[in-house]
């Protein structure tokens with residue numbers, strides 16, 4: 001996937017945002033795959049060009065990765081494809097009508113996979129930009145795993161929501177993180193100047209840009225030191241406002257590893273992956289010191305991501321012999337966030353664009369929780385996971401779409417849940 005606009009091998013090269021996304025299903029010639037590796041950089045990858053398409057489907061070729069193998073027989077997902085979904089539309093926030101679901105998914109926005117399930121059966125699936133058995137990076141939808149693992153550890157008495165997060169992320173003791181409770185870390189209301197904003201990403205000297213550079217750098221401890229150097233926001237207390245930051249999720253990875261005395265991958269496998277009849281391995285990218293980048297580098301096949309999403313629904317027994325997330329834990333995940341801290345935050349502004357309607361709160365690393373209990377998490381380059389327990393519905397999407405394009409996929413996921421459940 002070259003980043004120029006040439007076609008040296010007609011039918012094989014994938015050039016910058018110009019070759020049909022369907023070409024990603026085919027192997028690249030050896031010299032082209034090597035060229036992408038030579039060009040690899042975080043900015044090149046994050047620009048979501050055609051190199052990014054290849055990288056998102058082959059991330060372990062570019063970065064150290066932990067691998068968790070399935071330990072149980074796969075749980076098959078039955079198909080009950082719904083005939084009304086391909087032509088479904090929904091209303092945008094401005095009152096205009098969307099394209100059809102099939103029209104959008106197979107359009108020019110570089111969607112790679114979409115799967116939806118209702119009452120434990122797959123009702124819609126499309127793979128315009130990857131094979132069903134390919135793995136893909138989750139980006140920030142990974143954060144839901146970190147949040148849920150921490151909430152499990154709280155339930156089991158291994159973590160305390162009101163304790164300073166540094167009680168567990170001991171690498172940060174004696175820094176401003178001492179004032180951030182586990183609750184406020186889970187809800188991304190740290191009161192620290194670490195927010196991911198457009199302005200911050202455009203400034204290479206900003207704290208968040210330095211953090212990401214260190215996370216993928218060669219020095220084992222740089223990212224920990226940069227976390228320690230975070231500064232409080234003047235006039236704002238932890239808990240006041242939802243300010244989105246992957247840095248907080250990485251602090252929670254450190255905290256969960258200490259509280260459980262397990263590596264992140266082993267903790268996830270013990271608590272979730274080994275219980276859901278996964279078909280393929282789970283993978284997670286690593287920082288220079290070997291810590292899992294649980295805030296954005298999970299990798300699975302589309303169907304295994306859907307199996308994970310299903311554990312939040314009443315059809316959990318399709319993928320598991322036991323409830324991985326019991327009713328009380330689910331309610332605690334849905335309601336941990338404070339609606340007052342969500343109101344007026346930058347993230348809240350995105351949700352009417354995504355869904356045609358706004359949410360009630362963010363909670364436990366989920367971006368948006370609706371009043372009806374449905375939850376959604378967005379990811380860089382337009383990844384998504386949606387769980388709607390009341391409607392017994394769940395869905396996922398993989399993409400390599402530039403972030404300057406609007407993402408309407410979440411609206412289709414919620415509209416499909418309403419259609420199938422009768423409202």
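Quickly run through the range 106-123 and pick out the residues that are out of contact with any helix residue (DSSP H, G or I) (no Cβ under 7 Å at 6 or more places or on another chain) and touching a residue at least 24 places away in the same chain (Cβ under 8 Å).
109, 121, 122
Quick check on my filter: what residues within the range 180-198 are touching a strand residue (DSSP E or B) at 6+ places or on another chain (Cβ under 9 Å) and in a helix (DSSP H, G or I)?
Those that are touching a strand residue (DSSP E or B) at 6+ places or on another chain (Cβ under 9 Å) and in a helix (DSSP H, G or I): 182, 186.
Quick grid of which residues meet (1) in contact with a helix residue (DSSP H, G or I) (Cβ under 6 Å, 6 or more places away or on another chain); (2) not in a loop (DSSP other than H, G, I, E, B):
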{"position": "125", "(1), (2)": "no, yes"}
{"position": "133", "(1), (2)": "no, no"}
{"position": "148", "(1), (2)": "no, yes"}
{"position": "152", "(1), (2)": "yes, yes"}
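Within the range 292-372, considering only strands (runs of 3 or more DSSP E) that don't extend past its boundaries, which have at least 1 residues that are in contact (Cβ under 8 Å) with a residue 40 or more places away in the chain and closer than 17 Å to residue 275 by Cβ?
Those strands (runs of 3 or more DSSP E) span 298-300.
Can you go through 42, 67 and tell me which one is modelled with pLDDT of 95 or more, surrounded by fewer than 17 Cβ atoms within 10 Å (Cβ to Cβ) and under 30 Å from residue 291 (Cα atoms)?
67
From the residues in the range 199-215 that are in a helix (DSSP H, G or I) and without any contact (Cβ under 8 Å) to a residue 12 or more places away in the chain, which one is nearest to residue 252 (Cα to Cα)?
Within the range 199-215, the match that is nearest to residue 252 (Cα to Cα) is 209.
Out of everything in the range 216-240 that is part of a loop (DSSP other than H, G, I, E, B), in contact with a helix residue (DSSP H, G or I) (Cβ under 8 Å, 6 or more places away or on another chain) and modelled with pLDDT under 95, what residue ends up being surrounded by the most Cβ atoms within 10 Å (Cβ to Cβ)?
Only one residue tops the list, namely 216.
Quick check: anything in the range 113-122 over 25 Å from residue 320 (Cβ atoms) and surrounded by 23 or more Cβ atoms within 10 Å (Cβ to Cβ)?
No, the range 113-122 has no match at all.
Given the criterion surrounded by 21 or more Cβ atoms within 10 Å (Cβ to Cβ), more than 30 Å from residue 73 (Cβ to Cβ) and not assigned by TED's automatic domain parsing to the domain that holds residue 368, identify the matching residue among 175, 245, 206.
245 is the lone residue from the list that is surrounded by 21 or more Cβ atoms within 10 Å (Cβ to Cβ), more than 30 Å from residue 73 (Cβ to Cβ) and not assigned by TED's automatic domain parsing to the domain that holds residue 368.
Within the group 61, 91, which residue is in contact with a helix residue (DSSP H, G or I) (Cβ under 9 Å, 6 or more places away or on another chain) and within 24 Å of residue 25 (Cα to Cα)?
61
Might you check whether a residue that is in contact (Cβ under 8 Å) with a residue 40 or more places away in the chain, farther than 30 Å from residue 183 by Cα and surrounded by fewer than 18 Cβ atoms within 10 Å (Cβ to Cβ) occurs anywhere in the range 146-166?
Checked against the condition, which is being in contact (Cβ under 8 Å) with a residue 40 or more places away in the chain, farther than 30 Å from residue 183 by Cα and surrounded by fewer than 18 Cβ atoms within 10 Å (Cβ to Cβ), the range 146-166 yields no hits at all.
Out of the range 1-30, which residues are modelled with pLDDT of 95 or more and over 27 Å from the mean Cα position of the chain (by Cα)?
30
Can you tell me how many residues within the range 343-359 are more than 19 Å from the chain's Cα centre (by Cα) and crowded, with 20+ Cβ neighbours inside 10 Å?
Here the count works out to 1.
Kindly establish whether residue 102 is modelled with pLDDT of 95 or more, closer than 30 Å to residue 418 by Cβ and out of contact with any helix residue (DSSP H, G or I) (no Cβ under 9 Å at 6 or more places or on another chain).
Yes; evaluated as a whole, the condition is true for this residue.
The values are calculated or read from the model by the stated rules, or taken from the named source; none is laboratory data. No experiment lies behind these values; they were computed from the predicted model shown. Cβ sites come from the backbone with ideal geometry, for glycine too, and all protein chains shown count toward neighbours.
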